[in-house]
Amino acid sequence: MKRIFTAALALLLAGCSGGGETSSGYAGEMRLTSEIAAQFDDDVRRCRETEYDNLDMSQAQFAMPETEDIHILTVRQTKTEYKPSYLYESIRRFGKALVEDFNESNIGFTAEGIEGELIGYSTEEDGSFITDENGDKMPVYADPKALDHLDLINSDDPRIYMMTYEDKKNNRHVFQTKWDKYPLSFNRGRMMLAVGAEEGTSTAWFPDVDLEEKDRCIYSSGTADKLFPLPSGNVSVRAAADYLEKQFAADIGFELDRNITLKVNEYGIADFDKNSSALIMHCSLAWKGLPFDYYREGVMGSSDFRFDSFDTRCTALMLGQDEVDSFRGRLCMNNTVEETGEPVTEIISLSQAAERVSEKLAEYISAAGDTVQLVYSGKQPSDESPEVVLRPCWKFSLHDKYDMLNYVVTVDALNGECGFYSYSSRNRTRQQVSAQ
């Protein structure tokens, strides 16, 4: 069934991404952007109650768009690179702010042709050594210590491309590359201590991948006031999301680009101890409140989209209303964003978009809707292309009960064109109906 479903989507959706109609010529039902909020409940009800031949939306979760200011966007890579001296000062600055007991001797770096001390040799899972073509054991070196190479750092040696603060004993880290203005991730170590993580693994540990996440939901008005017992007290999802979206970046010293905000899209929980949980907040960047498309771990092949130069996923693990224990993702895009043309005044209705999805699924497929959301999504012409055009799209996350993958079908909200991609379903969004 898995292969049949994957092949059906690839066959029926990949070919429908071109030759679409313009918004003015689209024959289906349109909705004025000024009426999206007022009509949203009715559109959701119609989606859930419609009996499609191959699509069950009755248990899907829906997120209402929070803005009427919608555009077509052009995103261009700026390819800014930050010098080693900047990375070093950045790690020092943010390390002191983000982790306890900051010790400058824990700062290391990665560079071409520069190694730290020998710490052992590579081995297979059975303990046998990995050898090179000459039969010699493959050595493993620690990152060079910044304090031992300040001359290279201060002279901005071009071989240095990554800087890391790592307190292995307490599993605390801060990580930054030369392509990023701010650190890409940090870990304060409290959750790792609670779950008994192995010492020194924080730089390879991500809560949305390594924790057993439960009850993943789309973040919407229907779930916003639900309370969770976190280690720092009972906290509502709304309160945690409000902090992330409105205050978190400023509290850690990050300045978001103009018109860019952090948007919470989904959330889940993980056990902290017998009496409390942690919130895993799945976010992306947003333009004037409408999120850029984001994807899960393990995107599969046969995709209509390329994300390697435009990834705005962010994940925050929260242990209190304003306590972020770990975070990874870009809060500052290495891109420029421009609005193209006049504001969008009407889009395809939600219920019409669901009809489009059903039309493009093979008749023998029985798909169920997980989540639906309006996002900015687009196609990068090639891996080398410096720009991508993003358009408002209805994003449908689907699954088949016999399949081990999730599928995302996007419907261009202006002309009805479809695209798709798939990803592993390790942490599939739960199938329960929320209030919205």
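Bear in mind these aren't lab numbers, they're just calculated from the coordinates by the rules spelled out. In this text the structure is predicted, and so the values were computed from the model without any measurement. Note: ideal-geometry Cβ built from the backbone for every residue, glycine included; neighbour counts use all protein chains shown.
Counted by Cβ distance under 15 Å from Ser232, the other residues give a net charge of -2, where Lys and Arg count +1 and Asp and Glu count -1. A simple spin-label model places pseudo-atoms 7 Å from Cα toward Cβ; at Thr340 and Tyr141 they are separated by 4.6 nm. Structural descriptor for the stretch 18-150: relative contact order 17 percent, calculated from alpha carbon pairs under 8 angstrom and at least 6 residues apart.
Most tightly packed first, judged by the mean number of other beta-carbon atoms within 10 Å of their residues, the peptides 257-263, 167-173 read 167-173, 257-263.
The lysines within cross-link reach of Lys79, meaning a Cα-to-Cα straight distance under 22 Å and a gap of 8 or more places when in the same chain, are Lys178, Lys181, Lys379.
When only the Cβ of Lys, Arg, Asp and Glu is charged (+1, +1, -1, -1), the dipole of the stretch 84-177 relative to its Cα centre reaches about 540 debye. Ordering Leu118, Phe102, Asn134 by Cα displacement along the dipole of the stretch 36-146 toward the positive end leaves Phe102 in first place; charges were set at the Cβ atoms of Lys, Arg (+1) and Asp, Glu (-1). Taken over the stretch 198-335, lysine pairs spaced eight or more positions apart, or on distinct chains, with alpha carbons under 15 Å apart number 5.
Computed from point charges on the beta carbon alone (+1 for Lys and Arg, -1 for Asp and Glu), the dipole magnitude for the stretch 198-335 about its Cα centre is near 540 Debye. Sorted from greatest to least, the principal axis extents spanned by the alpha carbons of the stretch 111-210 come out as 41, 41, 22 Å.
The GluC sites (Glu not before Pro) of the stretch 159-232 that DSSP puts in a loop, and whose beta carbon has at most 15 other beta carbons within 10 Å, are Glu198, Glu199, Glu212.
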